[in-house]
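The values are calculated or read from the model by the stated rules, or taken from the named source; none is laboratory data. Owing to the predicted nature of the structure, the values given are computational and were not obtained by experimental measurement. Glycine gets a Cβ as well: all are built from the backbone with ideal geometry, and neighbour counts include every protein chain shown.
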Amino acid sequence: MTAPLEVRALCRRFGEVEVLKQVDLKVEAGEIHALLGPNGAGKTTLLRILAGLCDPTEGEIFIQGARSGTIGYREWRKLFSMVPSGERTSYQRLSGYENLVFFGRLYGLSRVAAKRRSGECLEMVGLADAASRRVGLYSQGMQKRLAIARALLVDPPLLLIDEATQSLDPEGARLTRVLAKDAARRGAAVLWTTQRLDEIRGFADVVTILRRGEVRFRGTVAELSGTVITRTFLIQVGAVGEAGPAELLEGLADITVAGDGHYRLSLKDGASLGATLAALVEGGIEVVACREEISDVEEAFVRITGPS
């Protein structure tokens, strides 16, 4: 079965600068595929190429089996929906409802269907109460929600989302992820670009990391976390028994004093946090609090995208 999105050996050069280098990417139906990378990694350029706003220098793109360059832009644009990274992507003098009806008609919906679907999508993104308000009066977060509503008008088989939660408060970001999950459950392939590493755990099915235009990692979130050799935690202790922490944790973790009743733990290969904390408690050390200093996902991202 053909994947809704497949990218093969994609390259893009601007003069002497190669922004994308032999990028391969596949997003299956029902899958949320997170595209990560630091600023300048090529994420937005890739999405612009997929959307037909920029031509690749080399390579092939297939959306729903159609090859880029073989059909016109209007036909290509009907193959997917997109949430761009900017906020002001709608007509500012029209209301939110009028914007959606207008775009629904452009997507080929009948007038009745466009009106019905516009109301439903405004409700989904929490803008029903602002439906008749001019978009120019919307906050940045509201304009981003409207862009998401527009992308969901036609229940697309492929959804391209560029920094969807960038301007949203925590509740708006959570709602956006729920809507993307719902679209995936209905069979849509979702390509989700982000720099918010905290949001991919428990959300993304597959992760691709770009660094300087090259794919440096492709796999699940668990596989990404597995690339981290050492995990570091900060613990706060109360009562301390006769044995010192370093003695109790021999073979499990390296421990250093962080001051004021706090210690920094670096787990050794194969050791679990649970076993490490249990060893402290059994040795008479009261563990008051524990937190990960840097998440395994963040640590893996830094290792992959940092200087070679």
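Test V178 against the stated conditions and say whether it is touching a strand residue (DSSP E or B) at 6+ places or on another chain (Cβ under 7 Å) and either closer than 28 Å to P4 by Cα or not assigned by TED's automatic domain parsing to the domain that holds A204 (or both). In short, no. Which residues, counting only those in the stretch 155-179, are assigned to a loop (DSSP other than H, G, I, E, B), touching a Phe, Trp or Tyr at 6+ places or on another chain (Cβ under 8 Å) and surrounded by 19 or more Cβ atoms within 10 Å (Cβ to Cβ)? Selection gives P156, A164. Exactly one residue among L160, L153 is farther than 13 Å from H33 by Cα and among the aliphatic types (A, V, I, L, M), and that residue is L153.
Give me a count of the residues in the stretch 186-227 that are of a type in the set (S, T, N, Q), under 13 Å from L36 (Cα atoms) and at pLDDT below 90. Here the count works out to 3. Taken over the stretch 258-295, the criterion of being assigned to a loop (DSSP other than H, G, I, E, B) and either in contact (Cβ under 8 Å) with a residue 40 or more places away in the chain or over 34 Å from the mean Cα position of the chain (by Cα) (or both) is satisfied by D260, G261, D269, G283, G284, I285, E286, E293, I294, S295. Residues in the stretch 120-145 that are over 13 Å from R88 (Cα atoms) and modelled with pLDDT under 95 were compared, and the one that is surrounded by the most Cβ atoms within 10 Å (Cβ to Cβ) is V125. Pull up the stretch 79-107, narrow it to residues that are surrounded by fewer than 16 Cβ atoms within 10 Å (Cβ to Cβ) and in a loop (DSSP other than H, G, I, E, B), then point me to the one that is modelled with the lowest pLDDT. Checking each candidate, the answer is G86.
The number of residues in the stretch 52-78 being surrounded by 13 or more Cβ atoms within 10 Å (Cβ to Cβ), assigned to a loop (DSSP other than H, G, I, E, B) and either acidic (D, E) or free of Cβ contacts under 8 Å to residues at least 40 places away in the same chain (or both) comes to 5.
For the stretch 11-30, the set of residues classified as under 21 Å from the mean Cα position of the chain (by Cα) and free of Cβ contacts under 8 Å to residues at least 24 places away in the same chain consists of K26 only. Only one of the listed residues (A300, A246) is at pLDDT 75 or above and either among the small types (G, A, S) or assigned to a helix (DSSP H, G or I) (or both). That residue is A246.
I'd like the residue in the stretch 1-51 that is polar (S, T, N, Q) and assigned to a loop (DSSP other than H, G, I, E, B) and, out of all such residues, is surrounded by the most Cβ atoms within 10 Å (Cβ to Cβ). It comes out as T2. Counting the residues of the stretch 183-223 that are without any contact (Cβ under 8 Å) to a residue 40 or more places away in the chain, surrounded by 13 or more Cβ atoms within 10 Å (Cβ to Cβ) and in a helix (DSSP H, G or I) gives 3.
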